[in-house]
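Undergrad: Right, I'll just put the structure down here and ask away after.
The values are calculated or read from the model by the stated rules, or taken from the named source; none is laboratory data. Note that this is a predicted model, so its numbers are computed, not measured. Positions of Cβ are generated from backbone atoms using ideal geometry, with glycine treated the same way; all protein chains shown enter the neighbour counts. Heads up: the accessible areas ignore ligands, DNA and RNA and are worked out on the full protein's heavy atoms, side chains in. Shrake-Rupley method; radii C 1.70, N 1.55, O 1.52, S 1.80 Å.
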Amino acid sequence: MTIPSAEGFLQASSCLPCTAEEERELVRALTREAEENVKDGDLRYLVSKSWWMEWQRYVGFVSCDENGTDQLPQATNRPGQIDNSKLVSAETISGSEEPELRRTLIDGEDYILVPQQVWRRLLQWYKGGPEISRKVVFGNPTHKDYIVDVYPLCLKLIDGRDNSEQNIRISRKAKIHELYLVVCSLMSVEKSEIIIWDYYQKSKSKKLTNLNETLEEAQINMDHEILLEMKVDESSSGFSSRSTNNELALIPLGPSTSSLSIAGGPTISNGFSSGIGSSFSQDNSFSPLLKDSADGYNSFSNGTKDDTHGLSGLHNLGNTCFMNSAIQSLVHTPPLVEYFLEDYTREINTENPLGLQGELAVAFGELLTKLWSSGRTSVAPRAFKSKLSRFAPQFSGYNQHDSQELLAFLLDGLHEDLNRVKKKPYIEAKDADGRPDDEFAEECWNNHKARNDSIIVDKFQGQYKSTLVCPVCNKISVTFDPFMYLSLPLPSTVTRMITVTVFNGTGDALPMPFTVTVQKNGNCRDLTKALADVCCLKSSETLLLAEVYERRIYRYLTNPIEGLHNIKDEDILVAYRLPIGHEKLLRLEILHRRADRFAAEPQFNINRKLIGCPLVTCIPNDSTGKSDIYAAVSAVLVPFERAKAHGPDVSAVKLNGNGPSLDGIVLMDNGTTCEEGISTSTGDDNAVDEHLPFQLSMTDERGSVRNAINTDSNRVLGIVLRVLMDWSDREHEMYNIDYMDELPEVFKPGFLSKKTRQEAVNLFSCLDAFLKEEPLGPDDMWYCPGCKEHRQASKKLDLWRLPEILVVHLKRFSYSRYMKNKLDTFVNFPIHDLNMSKYVKQMSRGDQQPMYELYAVINHYGGLGGGHYSAYAKLSILSHTASRRG
């Protein structure tokens, strides 16, 4: 369908309501037209994502994803008014009637962006609001890529004449001359009469005089302070007599802003890209006069010369402690210090598409140089953060982040910027094909070095051996891969305790709960093996795992490679000891039901409810007669007999090939023997045969039906025959059901578990947990070339080659289905002489043992909701040394 003009699709003056299909096609046409003709300064409007989804369901919107076309479920009700109230806060910008946008919104999750024409139509059809518009900004006129400035800068303007403050809002892509125009209009002054200062930290950092520079290039950030001063005369230095002091102040904690919604973030809104590419990259050179002031140095001294190097601190720019701690650790790494204090620019790779055209390396090198300059007390790493945020938008804004994530990105970014390989050769990955590990590992390392060669690879990268084994066909796959750091789990995070109640299927013993420790990513085979060890399983026996729910068997865990992640802590697991080969026999499942009798009427009124835990045993497939079933049930109930009760003769109820008989098996209360007392009545659910020791009936898996048991044989559907046992006062006098009631859960946190988590561990136990063989997780299945299917293979890691500088990351953050937690387990590690010879398979320095000295530690205080990072670093004397560092 061709629409010459979307505005002519439906006349604006028409009072007829549009159908859902008409609304959908009109919005689609308007959106397409707006995208084809987008230009700088166009408006995009924010619409609540929840309301937008209701509208999409109403009009039958069809979305296309990577899996194809997805039709949203049609909604019959027309959505209500547009409700954007959750997108705005109660606060408003001074002098503006537009509501203030909440700082924590995420594009695509909290809101979507629509063109102005679409917003007008939606507002005409549904009313509501409030109206929130943002401008389209083009980074390069020759490209169609643009961003929507969802979070324009909110600047605090301080008038130097009377120290009054006002807030102004302006795009971060606006130029300095536009800022002057806004300030002049607001303050009613002439542009030639004023000077605007970067007033970061209540200190005059620099004059904003480059009128063609954007605010982003000038490193003006959200909630930044700027100072308005009146010029005294042309020959003056620009300092007003009313200006405030220039003392260094503490950085106020910046507000939390969304790293995905701020202009420059890599967000996608309604099909258009809002990411900033390399076209926005600026020159890395700074004016010598502005180099120090740009990064907020405090160069004042007490009149004495300070020749100490490497003792400078970093300002917290607002939740940037995660970045500062990682930077301090790296700038106190002697090989890096020596490298960046020399002429490293000759190794900058500006052609690497995976790098940042050298800008990150230059920014880091300049920051390191200033931190190692004498006479410096502290540095504000604003220029470095600006570069980092440009190429890694997830670290922009004032949100808290993981220091290890930033460290990993920084090392990888520095490597790509300093990669000595200008053109990476194509190298086909090969298998070992039975070759020795030494030969294959050296080939893999040489292939890696042929494409990756930098100071980071030389000092920080090692190599580990990964072995995968298929659990089905036993196919073995060996690979050698490089690593930059070791992410070590705490021992308590890779294992879990599971409690299982073990029942005896032959009636030889009472049920007993056992608690075993297994790998979190393990499978049912691992659990069965651990249980077999603790319960002393005989060679002629096997275990049948089952999950019990609401007093009935919910499912049998018969698949040995089923992951243990499907077993929750609140589940109830049981295991039945059965003879090997029980799969060829008929499984007899015994459910229990309470029978409370009240003689209010001539006939008994029986109110029954499932109790206890199902019992499981096996009988021959052709032994389904009434006597066979009663004999099997009697044998299983033997351990539950009370001491003074008259019970069946155990020796007489053993199964035989002809089927057991009940003659002489059951003793009644008066001591007589039941010989022919089996009732075959049908249709009367309340009928009770007083001659039997207990009452059984055929039932289903839920225990909701009751059918009489036939004397000769009973039809069985499948491999399980289920019977229901009624428990009246008589049965309770004969058997003790407490042993099969109130079974323990898989895991119940308590005093013991809390105490265990607090116990200290050492670094070597973390290494053991990291290198221990374990099955892959359910979300990380391996494609087996032998089976041609994805398998939950077992994985074993080995350290093959260690780097000169070993970065160790302790995984203290634990994630589960319902909660996130930070582990406070104390980890003991050596400061001197960390000997890794036990764990490395190849000595890279001949017979010299891999010994490490600790020189930097990054600490995190607090929990997942909030906390603080700090770093300790050893101030080393700069010299070329061969000793390893950790």
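Undergrad: If you scan the stretch 481-500, which residues turn out to be in contact (Cβ under 8 Å) with a residue 60 or more places away in the chain and farther than 30 Å from Ala546 by Cα?
TA: Met484, Tyr485, Leu486, Ser487, Leu488, Pro489, Leu490
Condition check ((1) at pLDDT 90 or above; (2) more than 21 Å from Leu717 (Cα to Cα); (3) out of contact with any strand residue (DSSP E or B) (no Cβ under 6 Å at 6 or more places or on another chain)) across all residues:
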| site | (1), (2), (3) |
| --- | --- |
| Val548 | yes, yes, no |
| Tyr556 | yes, no, no |
| Gly563 | no, yes, no |
| Asp569 | no, yes, yes |
| Lys584 | no, no, yes |
| Leu591 | yes, no, no |
| Ala599 | no, yes, yes |
| Phe604 | no, yes, no |
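Undergrad: Provide a single number: the residues in the stretch 500-545 that are aliphatic (A, V, I, L, M), in a strand (DSSP E or B) and either touching a Lys or Arg at 6+ places or on another chain (Cβ under 7 Å) or under 20 Å from Arg587 (Cα atoms) (or both). Spell out the reasoning first.
TA: If we filter the stretch 500-545 for residues that are aliphatic (A, V, I, L, M), which is where we start, we get 500, 502, 509-510, 512, 516, 518, 527, 530-532, 534, 537, 543-545.
In the following step, the residues that additionally are in a strand (DSSP E or B) were identified as 500, 502, 512, 516, 518, 543-545.
After this cut, where a residue has to be either touching a Lys or Arg at 6+ places or on another chain (Cβ under 7 Å) or under 20 Å from Arg587 (Cα atoms) (or both) as well, the list is 502, 518, 543-545.
Count: 5.
Undergrad: Limited to the stretch 386-402, what total is found for residues that are of a type in the set (D, E, K, R), at pLDDT 80 or above and open to solvent by 30 Å² or more (accessible area, probe 1.4 Å)?
TA: The initial filter retains those residues of the stretch 386-402 that are of a type in the set (D, E, K, R), namely 387, 390, 402.
This time we only want the ones that are at pLDDT 80 or above, so: 387, 402.
Retained after the next criterion (residues that are open to solvent by 30 Å² or more (accessible area, probe 1.4 Å)): 402.
The total comes to 1.
Undergrad: Answer with yes or no whether Leu662 is in contact with a Leu (Cβ under 9 Å, 6 or more places away or on another chain), on the phi < 0 side of the Ramachandran plot, part of a loop (DSSP other than H, G, I, E, B) and modelled with pLDDT under 50.
TA: On the way: in contact with a Leu (Cβ under 9 Å, 6 or more places away or on another chain): yes; on the phi < 0 side of the Ramachandran plot: yes; part of a loop (DSSP other than H, G, I, E, B): yes; modelled with pLDDT under 50: yes.
It is true that Leu662 is in contact with a Leu (Cβ under 9 Å, 6 or more places away or on another chain), on the phi < 0 side of the Ramachandran plot, part of a loop (DSSP other than H, G, I, E, B) and modelled with pLDDT under 50.
Undergrad: From the set of residues in the stretch 860-872 that are in contact (Cβ under 8 Å) with a residue 60 or more places away in the chain and either assigned to a strand (DSSP E or B) or within 27 Å of Pro334 (Cβ to Cβ) (or both), which is most open to solvent (accessible area, probe 1.4 Å)? Walk me through it before giving the result.
TA: At the first step, the residues of the stretch 860-872 found to be in contact (Cβ under 8 Å) with a residue 60 or more places away in the chain are 860, 866-871.
Filter again for either assigned to a strand (DSSP E or B) or within 27 Å of Pro334 (Cβ to Cβ) (or both), leaving 860, 867-871.
Working: His860: 47, Gly867: 35, His868: 87, Tyr869: 28, Ser870: 31, Ala871: 42 Å².
It comes out as His868.
Matching residues to (1) in contact (Cβ under 8 Å) with a residue 12 or more places away in the chain; (2) surrounded by fewer than 18 Cβ atoms within 10 Å (Cβ to Cβ); (3) closer than 19 Å to Asp780 by Cβ:
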position: Val469; (1), (2), (3): yes, no, yes
position: Thr479; (1), (2), (3): yes, yes, yes
position: Leu527; (1), (2), (3): yes, no, no
position: Tyr554; (1), (2), (3): no, yes, no
position: Asn559; (1), (2), (3): yes, yes, yes
position: Glu570; (1), (2), (3): yes, yes, no
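Undergrad: So Thr499 ticks every box in (1) open to solvent by less than 70 Å² (accessible area, probe 1.4 Å); (2) hydroxyl-bearing (Ser, Thr, Tyr); (3) modelled with pLDDT under 90 but one. Which box is left unticked?
TA: Unmet for Thr499, out of (1) open to solvent by less than 70 Å² (accessible area, probe 1.4 Å); (2) hydroxyl-bearing (Ser, Thr, Tyr); (3) modelled with pLDDT under 90: (3).
Undergrad: Scan the stretch 672-731 for residues that are open to solvent by less than 20 Å² (accessible area, probe 1.4 Å), of a type in the set (Gly, Ala, Ser) and at pLDDT below 50 and report the count.
TA: Of the residues in the stretch 672-731, 1 are open to solvent by less than 20 Å² (accessible area, probe 1.4 Å), of a type in the set (Gly, Ala, Ser) and at pLDDT below 50.
Undergrad: So how many residues does the stretch 348-363 have that are open to solvent by 30 Å² or more (accessible area, probe 1.4 Å) and either under 23 Å from Leu875 (Cα atoms) or among the acidic types (Asp, Glu) (or both)?
TA: So the answer is 1.
Undergrad: Let me ask something else about it. Search the stretch 419-441 for residues being surrounded by 15 or more Cβ atoms within 10 Å (Cβ to Cβ) and in contact with a Phe, Trp or Tyr (Cβ under 9 Å, 6 or more places away or on another chain), and hand back the single one that is nearest to Leu330 (Cα to Cα).
TA: Looking at the filtered set, the residue picked out is Ala441.
Undergrad: Still on this structure, please answer the following. Among the residues in the stretch 115-136, are any in a loop (DSSP other than H, G, I, E, B), of a type in the set (Val, Ile, Thr) and either modelled with pLDDT under 80 or touching a Cys at 6+ places or on another chain (Cβ under 7 Å) (or both)? Write out each step before concluding.
TA: First, the residues of the stretch 115-136 that are in a loop (DSSP other than H, G, I, E, B): 127, 130-132.
With of a type in the set (Val, Ile, Thr) added as a condition, the list becomes 132.
Still in the list and also either modelled with pLDDT under 80 or touching a Cys at 6+ places or on another chain (Cβ under 7 Å) (or both): none.
No, the stretch 115-136 contains no residue that is in a loop (DSSP other than H, G, I, E, B), of a type in the set (Val, Ile, Thr) and either modelled with pLDDT under 80 or touching a Cys at 6+ places or on another chain (Cβ under 7 Å) (or both).
Undergrad: Is at least one residue of the stretch 63-80 at pLDDT 85 or above, part of a helix (DSSP H, G or I) and open to solvent by less than 80 Å² (accessible area, probe 1.4 Å)?
TA: No - not one qualifying residue is present in the stretch 63-80.
Undergrad: Condition check: modelled with pLDDT of 85 or more and in contact with a helix residue (DSSP H, G or I) (Cβ under 9 Å, 6 or more places away or on another chain). Does Pro436 satisfy that?
TA: Working: modelled with pLDDT of 85 or more: yes; in contact with a helix residue (DSSP H, G or I) (Cβ under 9 Å, 6 or more places away or on another chain): no.
No.
Undergrad: Can you confirm whether the stretch 350-360 contains a residue that is in contact with a Ser or Thr (Cβ under 7 Å, 6 or more places away or on another chain), at pLDDT below 80, of a type outside the set (S, T, N, Q) and part of a loop (DSSP other than H, G, I, E, B)? Spell out how you get there, then give the answer.
TA: In the first step, residues of the stretch 350-360 are kept if they are in contact with a Ser or Thr (Cβ under 7 Å, 6 or more places away or on another chain); the result is 357-359.
With the extra rule that they be at pLDDT below 80, the set shrinks to none.
No, that holds for no residue.
Undergrad: So for the stretch 442-463 (the condition being acidic (Asp, Glu), more than 30 Å from Gly365 (Cβ to Cβ) and loosely packed, with under 14 Cβ neighbours inside 10 Å), does at least one residue qualify?
TA: Here is the first cut: in the stretch 442-463, the ones acidic (Asp, Glu) are 442-443, 453, 458.
Among the residues that remain, those that are also more than 30 Å from Gly365 (Cβ to Cβ) are: 442-443.
Narrowing the set further to residues that are loosely packed, with under 14 Cβ neighbours inside 10 Å leaves none.
So far as the stretch 442-463 goes, no, none of its residues is acidic (Asp, Glu), more than 30 Å from Gly365 (Cβ to Cβ) and loosely packed, with under 14 Cβ neighbours inside 10 Å.
Undergrad: Among the residues of the stretch 416-431, how many are under 34 Å from the mean Cα position of the chain (by Cα) and part of a loop (DSSP other than H, G, I, E, B)? Step through it out loud before you land on a result.
TA: Filtering the stretch 416-431 down to residues under 34 Å from the mean Cα position of the chain (by Cα) leaves 416-419, 424, 426-431.
Checking the rest, the ones that are also part of a loop (DSSP other than H, G, I, E, B) come to 418-419, 424, 426-431.
Qualifying residue count for the region: 9.
Undergrad: While we're here: Which of the residues belonging to the stretch 39-62 are at pLDDT below 85 and either small (Gly, Ala, Ser) or in a strand (DSSP E or B) (or both)?
TA: Residues satisfying the conditions are Gly41, Gly60, Val62.
Matching residues to (1) small (Gly, Ala, Ser); (2) modelled with pLDDT under 80; (3) within 14 Å of Phe61 (Cβ to Cβ):
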| site | (1), (2), (3) |
| --- | --- |
| Ser5 | yes, yes, no |
| Leu10 | no, yes, no |
| Cys15 | no, yes, no |
| Glu22 | no, no, yes |
| Arg28 | no, no, yes |
| Glu33 | no, no, no |
| Asn37 | no, no, no |
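Undergrad: Of the residues in the stretch 502-515, how many are in contact with a strand residue (DSSP E or B) (Cβ under 6 Å, 6 or more places away or on another chain) and either in contact (Cβ under 8 Å) with a residue 60 or more places away in the chain or open to solvent by less than 30 Å² (accessible area, probe 1.4 Å) (or both)?
TA: Here the count works out to 6.
Undergrad: So how many residues does the stretch 788-810 have that are assigned to a loop (DSSP other than H, G, I, E, B) and surrounded by 15 or more Cβ atoms within 10 Å (Cβ to Cβ)?
TA: Of the stretch 788-810, the ones assigned to a loop (DSSP other than H, G, I, E, B) are 788, 792-793, 802-804, 806-807.
Those left that are additionally surrounded by 15 or more Cβ atoms within 10 Å (Cβ to Cβ): 792-793, 802-804, 806-807.
Qualifying residue count, the stretch 788-810: 7.
Undergrad: Here is a further query. Name the pairs: first residue in the stretch 324-347 and open to solvent by 10 Å² or more (accessible area, probe 1.4 Å), second residue at pLDDT below 90 and hydrophobic (A, V, I, L, M, F, W, C), Cβ to Cβ under 6 Å, at least 6 apart or on different chains?
TA: Every condition considered, the pairs that remain are Asn324/Leu314; Glu338/Leu878.
Undergrad: OK, next. Can you name every residue in the stretch 183-202 that is open to solvent by less than 20 Å² (accessible area, probe 1.4 Å) and either among the charged types (D, E, K, R) or modelled with pLDDT under 80 (or both)?
TA: Residues satisfying the conditions are Asp198, Gln201.
Undergrad: Could you list, in sequence order, the residues of the stretch 481-496 that are in contact with a helix residue (DSSP H, G or I) (Cβ under 7 Å, 6 or more places away or on another chain) and either open to solvent by less than 20 Å² (accessible area, probe 1.4 Å) or under 16 Å from Arg577 (Cα atoms) (or both)? Reasoning before the result, please.
TA: The first filter runs over the stretch 481-496 and keeps only residues in contact with a helix residue (DSSP H, G or I) (Cβ under 7 Å, 6 or more places away or on another chain), leaving 482, 484-486, 488-492, 494.
Selection gives Leu486, Leu488, Pro489, Leu490.
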